[in-house]
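Here's the structure we're looking at; comments come further down.
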Amino acid sequence: MTLKVGAESNVTTLRSVLVKSVEAGWCDQSTADREWQSLHYPASPDYPRAVDEHQALVALLRDQQIEVHHLPAAGGTGLDSIYTHDPLIVTSRGAILCRMGKPARCREPEAARLWLEAAGIPVLGAIEGDGLLEGGDLVWLDHRTVAVGDGYRTNAEGIRQVGELLGELVDHVITVPLPHWSGPGDCLHLMSLISPVDSDLAVVYSPLLPVPFRRQLLDRGYDLVEVPGPEFVTMGPNVLALGPRRCLVLEGNPVTRRRLEAAGATVLSYRGEEISLKGGGGPTCLTRPLLRHS
């Protein structure tokens, strides 16, 4: 039976997601100890604690009536492969396979393709040639408009190709230039700077947002929940919308949480010292939405 998919939104009610367990992604502590420096992690993740954190995250998602699907282990993938948001884009017509800007992640789209095939989900196409695109750089501002970050993980050719593959699903593809920040070795996606949590509410880190893009958000009627500087480095802007004004944040961002609640949002949190802070991937990174409903 073909799995139903459709996620042309960042904020409608989340029904099913794709994740990859630490056991499938890392195998054991030796993998973490061997790879963390080359991936620019600040320290080697603790494998048993990471397993516990990821299992608790999955349990939380299921408690919210979200169906959770798992990517299996795959050769040639490593620590970063638990961040399932990045190797593919999912729409109601099928999936788009990305082409990763981080060389160590280059085999993840193929692993995702094999899972899609087994699940009966069609593939609309793949980013090819000189194009680069990672899922964390694509944000749905509304159901007909996507913003795509142009940086070290996604380039202009990748943005052009994803616009063609989305085709009639979108009216507008907005390119958002990303800053150099700490350089190509670090992970800075567009979703490192903005996470919509409702059709008119987004969590942002304004100091790194391009002024024209921030103006567009305001012109579109968005209210902006500003993340303070100290909480940018603990992934305060990385927020997973479970539904309109219902969201999941990483523990350790109390100011951002209070500001979200003041804006009328219900906020859940998870512990992610090993699976998030060390790898640079928050709740959006750890989940690839497969199905969202209004």
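Straight-line cross-link partners of residue 4 among the aspartates and glutamates, defined as a Cα under 15 Å from its Cα and at least 8 positions apart when in the same chain: 67, 117. Listed by chain and number, the lysines whose C-alpha is less than 29 Å from the C-alpha of residue 278, apart from same-chain residues fewer than 8 away, are 20, 102.
When segment 1-145 is described by a simple charge dipole with +1 on each Lys and Arg Cβ and -1 on each Asp and Glu Cβ, the residue from 119, 87, 40 located farthest towards its positive end is 119. The amide H of residue 6, built 1.01 Å from its N in the peptide plane, has 291, 292 as neighbours under 5 Å, considering only residues 5 or more places off or on other chains. Using the Cα coordinates of segment 13-293, the gyration tensor eigenvalues translate into equivalent-ellipsoid semi-axes of 25, 23, 19 Å, sorted from longest to shortest. Residues 278, 20, arranged from fewest to most other Cβ atoms within 10 angstrom of their Cβ, appear as 278, 20.
Can you tally the net charge around residue 16? Count Lys and Arg as +1, Asp and Glu as -1, for every other residue whose Cβ sits under 15 Å from the Cβ of residue 16.
Every neighbour counted, the sum reads +3.
Across the chain, the relative contact order, built from alpha-carbon pairs under 8 Å that are at least six residues apart, equals 25 percent. Arranged from fewest to most other beta-carbon atoms within 10 Å of their beta carbon, 46, 80, 130 become 130, 46, 80.
Where a ≥ b ≥ c are the square roots of the eigenvalues of the C-alpha gyration tensor, would you call segment 169-294 rounded, which needs a/c under 1.5, or, failing that, prolate if a/b is larger than b/c, or oblate? Because its axes are fairly even, with a/c under 1.5, segment 169-294 counts as rounded. Counting charges near residue 179 (Lys, Arg +1; Asp, Glu -1) among other residues having Cβ under 14 Å from its Cβ returns a value of -1.
Under the convention that each Lys and Arg Cβ holds +1 and each Asp and Glu Cβ holds -1, the size of the dipole of segment 152-294 around its Cα centre is about 200 debye.
Relative to the Cα centre, the charge distribution of segment 13-293, modelled as +1 at Lys and Arg Cβ and -1 at Asp and Glu Cβ, gives a dipole magnitude of about 400 debye.
We did not get these values from a lab; they are worked out from the coordinates using the rules stated. Quick caveat: nothing in here was measured; it's all calculated off a predicted structure. Neighbour counts are summed over all protein chains in view; Cβ atoms, including those assigned to glycine, are modelled from backbone coordinates with ideal geometry.
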